[in-house]
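Here's the structure we're looking at; comments come further down.
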Amino acid sequence: MINQRYKILKVLGEGRSKVYLARDEDNSGQLVALKVLGNNISGQELISFREEYNTLRKLDHPNIIKVFDYGTVLKNTQSDFDVAPGCKYFTEEFVEAIGLNVYESAAAEEILRRIVKQLASILYYLHLNNFIYYDLKPENILIHIVDDKPIVKLIDLGLARYLHSAAEYTIRGTAEYIAPELLNNQPHDHRVDLYSLGIMIYYIIYKNFPFDTTDQLSIYKAHSEKEFEFPENQYSPSLNQTLKKLLSKDPAKRFANALQVIESLDMIVSDDLTRHFLSAKHFVDRVDSLEKIKDYISSSTRGSVLLIKGFEGSGKTTLLQEIENIYDNVILIHRRQSLSGVQLLQSILKKIYFSDYIFSKLSDSTRGLAENFLSGSSSNVITDFKSVITRIATESRFNLFIDDFNLFDTFSLEIFKEIIPVFQLNDIKLILSENPELGNQTDYIQKLIELNLNPFTSEQLEEYITKTFISSFPKEPVKDLIIADADLLPGNFVSFIKDLNLLRILKFTGSGIEFDIDEKKSALLKNTGNEIFRERTSLLSDEELLLAKYLASFTNSPSGKLLSRLLNIEEEKLSYILEQLEIKNIIQPIHITNEPVFTSASLKKYIYNLIGAKNKFHAFIANTIRHSFFDYDRKEFARHYEMAGLFKESYQVLKREIAEAESMFAYGYKKSLCEHVLKFSLDDSTLKHIKLEIAKTNQLIGDYNSALTIVEAIKSEENDSLTQLEIDILNGTCLVSAGETENGLEILKSSLDHIKDKSQKYKVKTEIASAMLSLNRFEETQNLCKELIGNESVKLEDKAKCYNLLALSSFYSTNNIAESLEFFSEAHRLYKQINQPARVAAIENNMGNLFLMKGDSAAAEKHWNSALEINKSVGNLEQEALQLMNFGVYYFDKSENEKAETLYKRAQEIFASLGNRSGEGMALTNLGEVYTAECEYQQALNVLLEAVEVLSGQQNTSELSEAVLMLGKLYFIIGDEESLKEIIKKSESIQNQENLSIKVKENHDYLKQLLLISSGEFEEPIKFFEKLSEKYLLDQDYRNFSKVNTFLVELLLKTNQKEKILSFLNKEEFVKSCESDILMEAERNFLLGKAAVNFPQDNSKSFIDYFEIAYGAIEKLSITELTWKVLLALSDAYYLRGNFKKCVEFINYTKALLMFIAENIEDENLKKCYIKKPERFEAFEKLKYLEEKTR
């Protein structure tokens, strides 16, 4: 099978490419012709192959072969057919046919006339739309027999060209059929195809060419110079006269157009023929939009998504297809109405996976995961889909376009909501299109850029008509009609021109295109709705109208098999009726959509309203599905029962869909289904059950309050014992999760005696153990968990949770890290065994934290990295961001600021893409702390102001308070007292809110102390920071304890409190904490040096020794405020020692560093504050004094 989609059945033909009959397994086993271009080809052949596909995609004529799919063979499991990976292919419609070159009946005049008439119709259509075929010959014409009559199919448009293309064309075609003007390099037009038609007819009549040679140059000479002979034959004079005129050397003496050929044969140019003379799909204008899309794709801006908005007919799809043609690495996904749910996800993945610019870049493990999902072997559909998409986005770069995004089903949209941030974070350029009339499904997307497609101007319309149609087309009157009566949306022009043809306003004859309009026709056009639709449907046969009604009754396109069963006809007959609906402007060309889709939503609505007894109509459809297509799209199946008023039957179908949604963890989708069912007229018991399902779903997604609201409402009703038990368990579980632990625990415990199902009982006991842990009832938690673990009947998931609870209980109760690690290891093993990667990642994270507490940073990093990789692999972005934050704190504490900065930036990017404003603000605050520590004050100010702005709109006062505190610290360090006062006002406004944590109040007090210090008051701040130091020590928060301690010592030095200074500097916990932190150790030695200057007799070392130890440490670190302080202290120390050379060296270092820090502050006011802050002003004065003394 090719790319897990096309099963090759046999070889159909061979030429420049090879054609196979294949079955498209993604389209109900539809037979297609698979056209494959070998690997050993030139670049030009590859270009021509792609151009042929693009040309065929633009054309819409029943006698021209239709194309469906283009791609690269990346995997072939059929060794009996030589189709190598790397070959390009496209698929075409398959018809049972033979080539005209071997169709012996063609010599019969009646059959020949039929064939020529059809070929003339095809050529007229091509020429009307500014195409020249160039390679008309029997080998490129298939004959399909229907009702004993030959039906022509034109194939192989590899040499066809659009006249408005800028390329210069050389001689093209097959030697025996090339027109003389082409060979003579003279100007040529569409009449070269008429000459080829003449040669073909000549060969059919005379069984030979009008020249007796096989030498190519001699053939060319014959075309240019030889007067052809036309021996007598049995054919009619009209056919012979037509042949002679077609073969005129002078194109001016040939027919002016292909319709004249039909008239010359005394045949009628009928309406059935001219209905096919529609406009091909050309990309015209939209240059501005095209350039904006190109700019978006080439921009270096990360994480943005482009949304193309336009009403039906605005040209969204055509625009996306044009971009797809320009770029190689584009994947364009169209919504397929006939697919939903898992099948749709598989279709999307297959489109992405089997792209040549992606497939080769993927690791073996990613390929294995993708193919496992595509084979239907996935045990967890949503998780596995997210995982493989995440891996593909990480391992390759591409541009993803999703057309009609807001028309995807609810299930798919829920999945997209989770994977779009994955694309954003991996810099995948994502373009979506939406029709704003049909709702907005993109509100949640961050960094969304909108591009609106407006109606054409009259100038753009003129360009469209000029580029689309041949010069003899009545462009001006058609343009005027469109401006007067249409909506100027390019996609609707085709339909409008179809209606002009349908109403015979446009009349196609050999003498030209007539434009004929009267008052009645004009009135029909002006009433663009029902009157036109009535005119279209009046042309339908009963069978065609019935099929249209069936199509209008479905939300998603029904399969061909279902439609055949509904109409009780063969699929071949169905194809013919669908073709008639396409010709009569009811449905879009099927080769474009690959399924029947109405030309407009309003037409679909009109036809649906023609159905009489709609309830019976839908009931018939539903029962047909039930008897013959039970596995059909369940939402569509249920909808027909619902429309028939058979709500019970509809619910029975949806029950299966609800159960499957839960099994796939698609909780949002399940909830939407349940909420829809609540609208049905069902019995009270069933509706109560549905409400309970919604409540359970709310509990699973963490919306405990909503779940409790539903539970409270149901509790007040009369319930049977089983329902009441279900309500109690749900009520207790939600109360525990919502923080009302004791109430919830009592309810859960009281429900145990009533539970008969053992599995359910064990699960409730696990919830009880969790509640006990929350209440610090450690011994009871451990006893219950051990009881459950020892029971063989308990499910592995519940055992894993018990091991996790044991680990936490052991740590919280006795701080037994070793025992906690053992329990976490068992939980890890079980969660891995039952394939719950998110749980495994959480355990890895906890184990990392414990190893860090043990002092084993290598093991901690190992487990954290493992958690990070798991979260990345499954697309668990929020957990990945939180893990990055943990890593950032870890590296910041180790003074590895560059690593911390990188991690915080990535976390902020992830939170932003998820729309998690609290997380984003938290990451920005931490990033601001890093910049502050590195003396990158301008950057620190920018991100901290952004953090405050982001968090101000959230309910998270704790994180807002942290951001405000960090901003206040920054202003204090810089010396901007006025801004510090303003930030204290901001902090005060936070204090006015209710239910504030102690930490929020503590942060506010901290800021007030900084302001007192700025104004030269130290007594109160010293008392505050002494208490804060004791608190952090009591909490074993050694990181903050050390920071407060050093700050406290600096204050004590300003007030010369010797005893306290030495006590704090030599406190055992402080010394031990500094030993594991190189920056803190440097700061402690610097402060010991300062103390030695003030109190020399109380120190074992001289001040210069301490300063040099501090300098040795900070040399390896990023620049901090401590750096210049140590340099200044050494400058002074070397001066006092008489080492003027060293003194001068360190004076220069200190000055350069202070000016470097100041110059990086862009805000002039801040820069002045920084330089004029007393400690730095005094530093500059000291440096000036030392310079004078050392000259």
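The values are calculated or read from the model by the stated rules, or taken from the named source; none is laboratory data. These numbers come from a predicted model, not from an experiment. Quick reminder, even Gly has a Cβ in these numbers, built from the backbone with ideal geometry, and neighbours come from all protein chains shown.
Return the residues of the stretch 1051-1100 that are among the small types (Gly, Ala, Ser), assigned to a loop (DSSP other than H, G, I, E, B) and more than 59 Å from the chain's Cα centre (by Cα); say none if nothing qualifies.
Correct list: Ser1100 only.
Within the stretch 1067-1080, is even one residue over 18 Å from Asp893 (Cα atoms) and at pLDDT 90 or above? Talk me through it step by step, then tell me what you get.
Of the residues in the stretch 1067-1080, the ones over 18 Å from Asp893 (Cα atoms) are 1067-1068.
Restricting the remaining residues to those that are at pLDDT 90 or above gives 1067-1068.
Yes, the conditions are met somewhere in the stretch 1067-1080.
Out of the helices (runs of 4 or more DSSP H) lying entirely within the stretch 1101-1191, which hold 2 or more residues that are of a type in the set (Asp, Glu) and loosely packed, with under 13 Cβ neighbours inside 10 Å? Can you show your working first?
Values: elements: 1103-1114, 1121-1137, 1140-1159, 1164-1172, 1174-1189.
So the answer is 1174-1189.
How do the pairs read when you match residues in the stretch 1106-1125 that are closer than 19 Å to Leu1065 by Cβ and touching a residue at least 24 places away in the same chain (Cβ under 8 Å) with residues anywhere that are of a type in the set (Phe, Trp, Tyr) and assigned to a helix (DSSP H, G or I), using Cβ under 7 Å and keeping only pairs 6 or more apart or on different chains?
Between residues of the stretch 1106-1125 that are closer than 19 Å to Leu1065 by Cβ and touching a residue at least 24 places away in the same chain (Cβ under 8 Å) and residues that are of a type in the set (Phe, Trp, Tyr) and assigned to a helix (DSSP H, G or I), the close pairs are Phe1107/Phe1086; Ala1110/Phe1086; Leu1122/Phe1086; Lys1125/Phe1086.
Any idea which of (1) touching a helix residue (DSSP H, G or I) at 6+ places or on another chain (Cβ under 8 Å); (2) under 21 Å from Ser355 (Cβ atoms); (3) assigned to a loop (DSSP other than H, G, I, E, B) is the one Pro62 doesn't satisfy?
Failing condition for Pro62: (2).
Out of Ile268, Ile297, Ile293, which single residue is of a type in the set (Val, Ile, Thr) and assigned to a loop (DSSP other than H, G, I, E, B)? Step through it out loud before you land on a result.
On the way: Ile297 fails: assigned to a loop (DSSP other than H, G, I, E, B); Ile293 fails: assigned to a loop (DSSP other than H, G, I, E, B).
Among Ile268, Ile297, Ile293, only Ile268 is of a type in the set (Val, Ile, Thr) and assigned to a loop (DSSP other than H, G, I, E, B).
For the condition modelled with pLDDT under 95 and in contact with a His (Cβ under 7 Å, 6 or more places away or on another chain), what is the one hit in Leu735, Leu687, Leu730, Leu725? Working first, answer last.
Numbers: Leu735 fails: in contact with a His (Cβ under 7 Å, 6 or more places away or on another chain); Leu687 fails: in contact with a His (Cβ under 7 Å, 6 or more places away or on another chain); Leu730 fails: in contact with a His (Cβ under 7 Å, 6 or more places away or on another chain).
Just one listed residue meets the conditions, Leu725.
Table: residues versus (1) closer than 22 Å to Leu278 by Cα; (2) more than 43 Å from the chain's Cα centre (by Cα).
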| residue | (1), (2) |
| --- | --- |
| Asp516 | yes, yes |
| Glu519 | no, yes |
| Glu531 | yes, no |
| Thr537 | yes, no |
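Looking at the stretch 1030-1068 only, could you name the residues that are buried (at least 18 other Cβ atoms within 10 Å of the Cβ), closer than 18 Å to Phe1086 by Cβ and of a type in the set (A, V, I, L, M)?
The answer is Val1044, Leu1048, Val1049, Leu1051, Leu1052, Ile1061, Leu1065.
Out of (1) modelled with pLDDT of 80 or more; (2) under 20 Å from Leu581 (Cα atoms), the odd one out for Thr528 is which?
Only one criterion is unmet by Thr528, namely (1).
Please specify each residue of the stretch 8-37 satisfying the condition of being more than 32 Å from the chain's Cα centre (by Cα), surrounded by fewer than 16 Cβ atoms within 10 Å (Cβ to Cβ) and part of a loop (DSSP other than H, G, I, E, B).
Passing the criteria: Gly15, Arg16.
Within the stretch 698-716, can one find any residue that is basic (Lys, Arg) and not in a helix (DSSP H, G or I)?
We begin by selecting, within the stretch 698-716, every residue basic (Lys, Arg); these are 715.
From the residues that got through so far, the ones that are not in a helix (DSSP H, G or I) too are none.
No, every residue in the stretch 698-716 fails to be basic (Lys, Arg) and not in a helix (DSSP H, G or I).
Taking the residues in the stretch 341-360 that are out of contact with any Asp or Glu (no Cβ under 7 Å at 6 or more places or on another chain) and surrounded by fewer than 17 Cβ atoms within 10 Å (Cβ to Cβ) as candidates, determine which candidate is nearest to Tyr667 (Cα to Cα).
Among those residues, the one meeting the criterion is Gln343.
Of the residues that make up the stretch 797-813, is at least one more than 40 Å from the chain's Cα centre (by Cα), surrounded by 20 or more Cβ atoms within 10 Å (Cβ to Cβ), at pLDDT 95 or above and among the polar types (S, T, N, Q)? Don't jump to the end; show me each part of the working.
If we filter the stretch 797-813 for residues that are more than 40 Å from the chain's Cα centre (by Cα), which is where we start, we get 806, 809-813.
Next, only the ones that are surrounded by 20 or more Cβ atoms within 10 Å (Cβ to Cβ) stay: 806, 809-811.
Adding the requirement that they be at pLDDT 95 or above leaves 806.
With among the polar types (S, T, N, Q) added as a condition, the list becomes none.
For the stretch 797-813, residues more than 40 Å from the chain's Cα centre (by Cα), surrounded by 20 or more Cβ atoms within 10 Å (Cβ to Cβ), at pLDDT 95 or above and among the polar types (S, T, N, Q): absent.
Are any residues in the stretch 810-852 of a type in the set (Phe, Trp, Tyr) and under 21 Å from Lys786 (Cβ atoms), and if so, which ones? Can you show your working first?
The first filter runs over the stretch 810-852 and keeps only residues of a type in the set (Phe, Trp, Tyr), leaving 811-812, 823-824, 831, 851.
Of everything in the stretch 810-852, those that are of a type in the set (Phe, Trp, Tyr) and under 21 Å from Lys786 (Cβ atoms) turn out to be Phe811, Tyr812, Phe823, Phe824, Tyr831.
Conditions: (1) part of a helix (DSSP H, G or I); (2) in contact (Cβ under 8 Å) with a residue 24 or more places away in the chain. Ala252 meets all but one. Number of the miss?
For Ala252, the failing item is (2).
Regarding Tyr70, is this residue in a strand (DSSP E or B) and either under 30 Å from Thr274 (Cα atoms) or touching a helix residue (DSSP H, G or I) at 6+ places or on another chain (Cβ under 9 Å) (or both)? Don't jump to the end; show me each part of the working.
Details: in a strand (DSSP E or B): yes; either under 30 Å from Thr274 (Cα atoms) or touching a helix residue (DSSP H, G or I) at 6+ places or on another chain (Cβ under 9 Å) (or both): yes.
Judged against the criteria, Tyr70 is a match.
Find the residue count for the stretch 162-177, including only residues that are in contact with a Lys or Arg (Cβ under 8 Å, 6 or more places away or on another chain) and at pLDDT 90 or above.
3
With respect to Thr686, is the statement that it is part of a helix (DSSP H, G or I), of a type in the set (Val, Ile, Thr), in contact (Cβ under 8 Å) with a residue 12 or more places away in the chain and crowded, with 19+ Cβ neighbours inside 10 Å true? If you could, list the steps in order and put the result at the bottom.
Numbers: part of a helix (DSSP H, G or I): yes; of a type in the set (Val, Ile, Thr): yes; in contact (Cβ under 8 Å) with a residue 12 or more places away in the chain: yes; crowded, with 19+ Cβ neighbours inside 10 Å: no.
It is false that Thr686 is part of a helix (DSSP H, G or I), of a type in the set (Val, Ile, Thr), in contact (Cβ under 8 Å) with a residue 12 or more places away in the chain and crowded, with 19+ Cβ neighbours inside 10 Å.
Among the residues that make up the stretch 80-88, is at least one of them outside any loop (DSSP other than H, G, I, E, B), out of contact with any Asp or Glu (no Cβ under 8 Å at 6 or more places or on another chain) and of a type outside the set (A, V, I, L, M, F, W, C)?
Applying the first criterion (outside any loop (DSSP other than H, G, I, E, B)) to the stretch 80-88 yields 88.
Retained after the next criterion (residues that are out of contact with any Asp or Glu (no Cβ under 8 Å at 6 or more places or on another chain)): 88.
Among the residues that remain, those that are also of a type outside the set (A, V, I, L, M, F, W, C) are: 88.
Looking through the stretch 80-88, at least one residue is outside any loop (DSSP other than H, G, I, E, B), out of contact with any Asp or Glu (no Cβ under 8 Å at 6 or more places or on another chain) and of a type outside the set (A, V, I, L, M, F, W, C).
Quick check: anything in the stretch 106-115 basic (Lys, Arg), outside any strand (DSSP E or B) and surrounded by fewer than 22 Cβ atoms within 10 Å (Cβ to Cβ)?
So the first thing to find is which residues in the stretch 106-115 are basic (Lys, Arg), and the list is 113-114.
From what is left, the residues that are outside any strand (DSSP E or B) are 113-114.
Imposing the further condition that a residue be surrounded by fewer than 22 Cβ atoms within 10 Å (Cβ to Cβ) reduces the set to 113-114.
Taking every residue of the stretch 106-115 in turn, at least one turns out to be basic (Lys, Arg), outside any strand (DSSP E or B) and surrounded by fewer than 22 Cβ atoms within 10 Å (Cβ to Cβ).
Working only within the stretch 862-913, note down all residues that are under 19 Å from Gln836 (Cβ atoms) and either among the small types (Gly, Ala, Ser) or not in a helix (DSSP H, G or I) (or both).
Hits for the stretch 862-913 are Ser866, Ala867, Ser873, Val874, Gly875, Asn876.
I'm told Asn731 meets every condition in (1) without any contact (Cβ under 8 Å) to a residue 24 or more places away in the chain; (2) surrounded by fewer than 14 Cβ atoms within 10 Å (Cβ to Cβ); (3) polar (S, T, N, Q) except one. Can you identify the failing condition by its number?
Going through the list (1) without any contact (Cβ under 8 Å) to a residue 24 or more places away in the chain; (2) surrounded by fewer than 14 Cβ atoms within 10 Å (Cβ to Cβ); (3) polar (S, T, N, Q), Asn731 breaks only (2).
Can you spot a residue in the stretch 1008-1027 that is more than 27 Å from Leu1088 (Cα to Cα) and modelled with pLDDT of 90 or more?
Step one: list which residues in the stretch 1008-1027 are more than 27 Å from Leu1088 (Cα to Cα), which gives 1008.
From what is left, the residues that are modelled with pLDDT of 90 or more are 1008.
Yes, some residue in the stretch 1008-1027 is more than 27 Å from Leu1088 (Cα to Cα) and modelled with pLDDT of 90 or more.
Is there a residue in the stretch 10-19 that is modelled with pLDDT under 90 and among the basic types (Lys, Arg)?
Here is the first cut: in the stretch 10-19, the residues modelled with pLDDT under 90 are 13-17.
Next, only the ones that are among the basic types (Lys, Arg) stay: 16.
Scanning the stretch 10-19 turns up at least one residue that is modelled with pLDDT under 90 and among the basic types (Lys, Arg).
Could you please find all residues in the stretch 467-481 being surrounded by fewer than 16 Cβ atoms within 10 Å (Cβ to Cβ) and either closer than 19 Å to Phe277 by Cβ or under 36 Å from the mean Cα position of the chain (by Cα) (or both)? Even if it seems obvious, please write down each step before you answer.
Keep residues of the stretch 467-481 that are surrounded by fewer than 16 Cβ atoms within 10 Å (Cβ to Cβ), which gives 471-472, 476-477, 480.
Listed by number, the residues that qualify are Ser471, Ser472, Glu476, Pro477.
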